[in-house]
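J.: Could you have a look at this structure, given as structure tokens, before my questions?
Since every read-out is calculated from the coordinates, none of them should be taken as a lab result. Just so we're clear, the structure is a prediction, and the values are computed from it rather than from any experiment. So basically every Cβ, Gly included, is an ideal-geometry build from the backbone, and we count neighbours across all protein chains shown.
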Amino acid sequence: MSILHAIFQPGLFSNSSVQDAAIVGAVVALVCAPVGVFTVVRGQSFAGHAFADITATGGSAAFLLGVSPLLGFVVMALAGASATELLGTERQRGRDLATGVVLGAGLGLSALLLYLTTTTQSTTGAAVTVLFGSIFAVSTSTLPLVIGFGVSALFLVGLVYRPLLLSSINPDLASAQGLGHRAVGLIYMVSLALSVALSALTIGAILSTALLIGPAATALRLAKSPGRAIACAALIGVAATWAGIVLAYDSYNWPPAQQGWPVSFFVVSLVLAAYLLAQLTGRRARQGQAQ
Amino acid sequence: MLSGLFSGFMVGTWLQASVMAVVAGTVGFFVVLRGSSFEAHAIPQGAFTGAAGAALIGASTLVGVGTFSLLGVVAIARWGRRGRHDVVTALCLVTLLGIGSLFLSLSTEYAEQTFSLLFGEPLAVSSSDLLPTALLGAGCITMVIVLFRPLMLSSIAPELAAVRGVSPARVELLFLLAVGVVTTMALPVVGALLVFSLMIGPPATARFVTDRPVWAMAVSGALGLITVWVSITASFWSNWPIGFFVGTFAVVWYVIGRGLARWRTRPSPVVPLGLAALGSR
């Protein structure tokens, strides 16, 4: 009983920012699961990471204008996706270069916006908040927006689920069948942009890749079918965010500074631990088969 | 307005930035050729953690960044051999950055210092860093010269390289080490988030200026030098973060490169860069 008490400290469940954080975390993990699985299968981790970083520009602009950071994240992620799509070349190497250039431009712009924020306003922590996240600071009024964007992203993925699966596993066959290859890719890009924006709100713009890629890559090592992989990724994602929130709440009186460790750190560590564990069990299973 | 730009305390900045720009442009040629934009982005971004850690325990930024660059390089190279390379790169990156967020929250540094580690601060160069930077730069250029042929071969024709006994894994590790060295030199000046722009912007243009790899590397180094010099001047004058100018320059170079490519493909198809050079040997 005392161990349980030490983990779930008094006030955890009645704290309103913890409740909001738990809802946001769950929505984000559920959205990231299907989108992340497709991102890993399509080999688009760099694009996912790039959009995530670019959302920092929107977050910084939102700070400067005084609007909700989520709106900034979403607008900029969509802009980044369209820019990459416009520049986009067919070959992987060319695409990576175009993505990198757009990413550099976005990060440069967010440097400028954050600089302007610190000079015109008296806030100094904007850079850290935008880049490394602060889920406990998400206001209750943002919750409907979070759920709205989350449902839209899930709806889009559900809409093109089968053609997207085909074009992810066998792009040549998909384009030969003329399934609106390009349109499917575009819808996937929009849902990717929405999910990294939501993830950026949770664990910060430059860390949001962790929730997108981590649970999905882990699930793909464990599950055999795409549907199961998505379910497994959702489970891992929700578990990691919730455990991260609980640990961050516990850490308020941890050494050395007695000011709490960041949620993002716990979430990223848990996601990595899950991935390493899956890799280890996978290897052991293969060795067992060989013997 | 620019009167302080060439005063005594800026000499170190100019020297270090120039060395760093040339080396970044040269290594960047291979980043673009191998399609390694993600790795070139992930290693500096992960190395931010080293800078934050150094600030936390009061160590030298150069040592901190160097250590974490090396950590990132080894992790990506070793771990990337099994599993998907881009997934592994992404996971290494976020893991390092996650630790970075912990370091940030534990330290009592001012927000301005964090900001300059992320987005660059030309004045952050201390004169004691000058000698290590010069040595690192010289070592990196030497490595590129020595490894030139295996690097070229494994970038363009991996199968042929394997037949000739060039281990792709070893070449990849050495190449990533070069990226790590560039990171160590460039991070304090242009910031963790924008180092990679220096490695992809200039070569994006250079490879369309000439078909010969050595010339392309030289052009890339020269364009890197222009990027850094103009960015430092503009940053000094406007007081805006240097990262903004470096990121914008990358777009300019890329657009010029695309324009050149289109202009050149009109009369005759372009022979893939490097293949022509190998053929002429």
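J.: Would you tally the net charge around B:V179, using a Cβ to Cβ cut-off of less than 12 Å, leaving B:V179 out, and scoring K and R as +1, D and E as -1?
T.: Net local charge, B:V179 excluded: -1.
J.: Evaluate peptide B:249-260: per residue, the Cβ atoms of other protein chains within 10 Å of its Cβ; return the mean as an integer.
T.: 3
J.: When N counts the residues of the stretch A:31-286, how does its alpha-carbon radius of gyration compare numerically with 2.2 N^0.38 Å, as a ratio?
T.: Here the Cα radius of gyration is 1.02 times the empirical estimate.
J.: Compute the acute angle (0 to 90°) between the alpha-carbon long axis of helix B:130-146 and the principal axis of greatest extent of the alpha-carbon atoms of chain B; round to the nearest 10°.
T.: Value to nearest ten degrees: 10.
J.: Right, another one. So how far apart, in nm, are the two label points at B:A222 and A:R283 if each is 7 Å from Cα heading toward Cβ?
T.: Simple spin-label model gives 4.9 nm for this pair.
J.: Something else: Please work out the Cα center distance from the stretch A:131-165 to the stretch B:158-234, rounded to the nearest Å.
T.: 37
J.: Another question, if that's okay. When a footprinting reagent is the concern and you count Cβ atoms within 10 Å, what order do A:C232, A:C32, B:C140 take, fewest first?
T.: A:C232, B:C140, A:C32
J.: Something else now. What's the extension gain from A:I7 to A:A243 if we count 0.36 nm per residue and subtract their Cα-Cα distance?
T.: 84.0 nm
J.: Report, in deg cm²/dmol and to the nearest 500, the calculated mean residue ellipticity at 222 nm for chain A, where each DSSP H run with n ≥ 4 adds -39500 (n - 2.57) and the sum is divided by the residue count.
T.: -27000 deg cm²/dmol
J.: Please list the radius of gyration and Dmax for the protein assembly as shown, considering alpha-carbon atoms only, with Å as the unit.
T.: 23.1, 79
J.: Output the DSSP H helices from chain A with an along-axis C-alpha extent of no less than 15 Å and a mean Kyte-Doolittle hydropathy no less than 0.5. Before the final figure, lay out the partial values.
T.: On the way: long enough: A:16-42 (39 Å, 1.64); A:45-65 (31 Å, 0.97); A:69-87 (27 Å, 1.68); A:92-120 (42 Å, 0.71); A:143-159 (24 Å, 2.35); A:181-203 (33 Å, 1.62); A:209-222 (20 Å, 1.36); A:226-250 (36 Å, 1.31); A:263-290 (41 Å, 0.79).
Helices meeting the criterion: A:16-42, A:45-65, A:69-87, A:92-120, A:143-159, A:181-203, A:209-222, A:226-250, A:263-290.
J.: Same structure, new question: Looking only at A:I230, A:I206, A:I23, which one moves most when chain A is put into a Gaussian network model with springs between Cα atoms under 10 Å?
T.: Between A:I230, A:I206, A:I23, it is A:I23 that shows the largest mean-square fluctuation.
J.: Just to confirm the number: angle between the C-alpha axis of helix B:213-238 and the first principal axis of chain B, 0 to 90 degrees, nearest 10?
T.: 20
J.: Moving on to the next point. Note down the net charge around A:N170, summing +1 for each Lys or Arg and -1 for each Asp or Glu among other residues with Cβ under 15 Å from its Cβ.
T.: With Lys, Arg at +1 and Asp, Glu at -1, the neighbours total +1.
J.: Further question on the same structure: Please report how far the C-alpha centroid of the stretch A:251-282 lies from that of the stretch B:36-77, rounded to the nearest whole angstrom.
T.: With the stretch A:251-282 and the stretch B:36-77 each reduced to a Cα centre, they are spaced 19 Å.
J.: Along the stretch B:168-184, what does the Karplus equation 6.51 cos²θ - 1.76 cosθ + 1.60 (θ = phi - 60°) give for ³J(HN,Hα), rounded to whole Hz, x for Gly and Pro?
T.: x, 5, 5, 4, 4, 4, 5, 4, 5, 4, 4, 4, x, 5, 4, 4, 4
J.: For the ranges A:166-173, A:150-157, B:205-212, what's the packing order if you count other beta-carbon atoms within 10 Å of each residue, average per peptide, and put the highest first?
T.: Output ranking for A:166-173, A:150-157, B:205-212: B:205-212, A:150-157, A:166-173.
J.: Related question: If you take every residue apart from B:A218 with its C-beta less than 14 Å away from the C-beta of B:A218, what net charge results, scoring Lys and Arg +1 and Asp and Glu -1? Walk me through the numbers before you get to the answer.
T.: Numbers: positive: B:R207, B:R212; negative: B:D211.
Once positives and negatives cancel, what remains is +1.
J.: Let me ask something additional. Provide a whole-number value for the mean count of partner chain Cβ atoms within 10 Å of the Cβ atoms in peptide A:131-139. Walk me through the numbers on the way to the answer.
T.: On the way: counts 9, 8, 1, 0, 0, 0, 0, 0, 0.
Counting Cβ atoms of other protein chains within 10 Å of each residue's Cβ and averaging gives 2.
J.: If you fit an axis through the alpha-carbon atoms of helix B:242-265 and take the longest principal axis of the Cα set of chain B, what angle between them do you get, 0 to 90°, nearest 10?
T.: 10
J.: Pick from A:T120, A:T99, A:T55: which is most flexible by mean-square fluctuation in a GNM of chain A where alpha carbon atoms under 10 Å apart are linked?
T.: A:T120
J.: Can you pull a Stokes-Einstein diffusion coefficient for chain B at 37 °C (0.692 mPa s), Rh from Kirkwood over Cα pairs, as a whole number of µm²/s?
T.: Working: Rh = 19.1 Å.
Here the translational diffusion coefficient equals 172 µm²/s.
J.: Quick one: B:I57, A:I213, fewest Cβ neighbours within 10 Å first, how do they rank?
T.: By the 10 Å Cβ count, ascending: B:I57, A:I213.
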